[in-house]
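Shown next, in structure tokens, is the structure this report addresses.
The values are calculated or read from the model by the stated rules, or taken from the named source; none is laboratory data. The model shown is predicted, which means the values in this text are computed figures rather than measured ones. Here the Cβ is made from the backbone with ideal geometry for all residues, glycine too, and neighbour counts use every protein chain on show.
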Amino acid sequence: MPEANNPKSLLGFDYGLKQIGVANGQTLTGSAHGLSILKAVDGIPNWSQVEKLLNEWQPDLVVVGLPLNMDDSESELSGRARKFARRLHGRFAVKVEMVDERLTSREAKSLGREQGTQDLTKIDHIAASLILQSWLDCPEIGTAP
């Protein structure tokens, strides 16, 4: 975990074509929590909603999940997630890192069931918190978009 004398605020995004999960976290406690789910149209969010979240939380770092295939290869969605990450950096001048998100959706669904979530299509914020928690647990896993 990063040094405690220099705590950082973070936002995490679970990129998707219809929904983008958002989580916040910070390095002082090393914890992440789901915040919200943004609607997207073919992977494009309402950028003013993204800007509002960035202004509200003032993150030192934004972490975006990278959806890799099980054999470590990239898919079309991987390229689109990278593009989303680059747009976050370009539009809002925030530092962005990417984290392998394999199996986070499966784990998020399991956690959603445990929490009594009725609609398991609304768990992207949980997946975003898992992605962000992965970075908090091991910041070295972050890569450039």
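Taken as a whole, the stretch 29-37 holds no residue that is of a type outside the set (Val, Ile, Thr), more than 16 Å from residue 125 (Cβ to Cβ), touching a residue at least 24 places away in the same chain (Cβ under 8 Å) and surrounded by 15 or more Cβ atoms within 10 Å (Cβ to Cβ).
Of everything listed in (1) more than 17 Å from residue 130 (Cβ to Cβ); (2) part of a loop (DSSP other than H, G, I, E, B), the single unmet condition for residue 16 is (1). The stretch 44-145 holds helices (runs of 4 or more DSSP H) entirely within its bounds, and those carrying 2 or more residues that are over 16 Å from the mean Cα position of the chain (by Cα) and at pLDDT 85 or above map to 47-57, 76-92. Every condition in (1) closer than 19 Å to residue 143 by Cα; (2) part of a loop (DSSP other than H, G, I, E, B) is met by residue 28 except one, and the failing one is (1).
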